[in-house]
Amino acid sequence: MINSALEMLAKEWVKLFKIRPYLTTFITIVLTAIFAVTITYFEQLDREKREYKRLENLNYQSQINELNDTESSIRQLLEFVKLQKTTLQETEDTISQLKTEKERLQPLVESDRNVVEAIFKAQEERTSTTVWRERWIGFGFGIIASLIASFIWFVVAILVKKKA
């Protein structure tokens, strides 16, 4: 949208330049100068505001307030660190308990592993018999979908040709 507006503006400028080159050049220079002065003016205002704010921050009372706020933030941070240490210690204790539990249950898990593997093997044998049938059904649906899409494409193409 911006590019098209700029392109249209450029075309209009070229038309005006062909009709009155000196006047167009003069007006362009004047508008550019006004734009530059305006930008410079607003930049100067912004710079003065920033300087005023900087000088305002040099006030001793504001510095004391900022230091008090910083002290409060540091106290909160220390409380947070203390809480995180406690949480970390609790997590470490839980991990230690889980390791002990794992060592206790390891022999039981090892003995049941053979049973689980036998169950998985039986399930794999059941699913391998139906896999090819499902693949052929999927292939057939794919062909049917392709034919339907081609039919719709041809109908749309015929309708477009009739309109043209």
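Nothing in this text is a laboratory measurement; each read-out follows from the coordinates by a stated rule. The shown structure was predicted, so the numbers you read here are calculated from the model rather than taken from an experiment. Note: ideal-geometry Cβ built from the backbone for every residue, glycine included; neighbour counts use all protein chains shown.
Panel values: segment 108-150, Kirkwood radius from alpha carbon pairs, Stokes-Einstein at 20 °C and 1.002 mPa s, translational diffusion coefficient 163 µm²/s. Stretching ILE158 away from GLU117 to a fully extended chain increases their span by 8.8 nm, per 0.36 nm per residue minus the current alpha-carbon distance. As I understand it, the dipole of the chain uses +1 on the Cβ of Lys and Arg and -1 on the Cβ of Asp and Glu, about the Cα centre. Which of THR86, PRO107, LEU6 lies farthest toward its positive end? So the residue furthest toward the plus end is LEU6. Shown is the FRET efficiency for SER128 and THR94, computed with R0 = 45 Å from the Cβ-Cβ distance and rounded to the nearest 0.05: 0.60. GNM remark for the chain: springs join alpha carbons under 10 Å apart, and the peak mean-square fluctuation among LYS82, LYS121, LYS18 falls on LYS18. In this label model, GLU43 and ALA5 are separated by 2.3 nm, measuring between points 7 Å along each Cα→Cβ vector.
Which distance in Å, rounded to a whole number, links the C-alpha centroids of segment 1-52 and segment 87-164? Rounded to whole Å, the Cα centres lie 63 Å apart.
Counting only Cα atoms, the size of segment 1-58 along its three principal axes is 59, 29, 5 Å, in decreasing order.
Evaluated at q = 0.10, 0.20 Å⁻¹, the base-10 log of the normalised Debye intensity for the chain, with identical point scatterers placed on the Cα atoms, takes the values -0.86, -1.24.
How many percent of the alpha carbon pairs in segment 61-137 exceed a separation of 17 Å?
Result for the distance tail: 74 percent.
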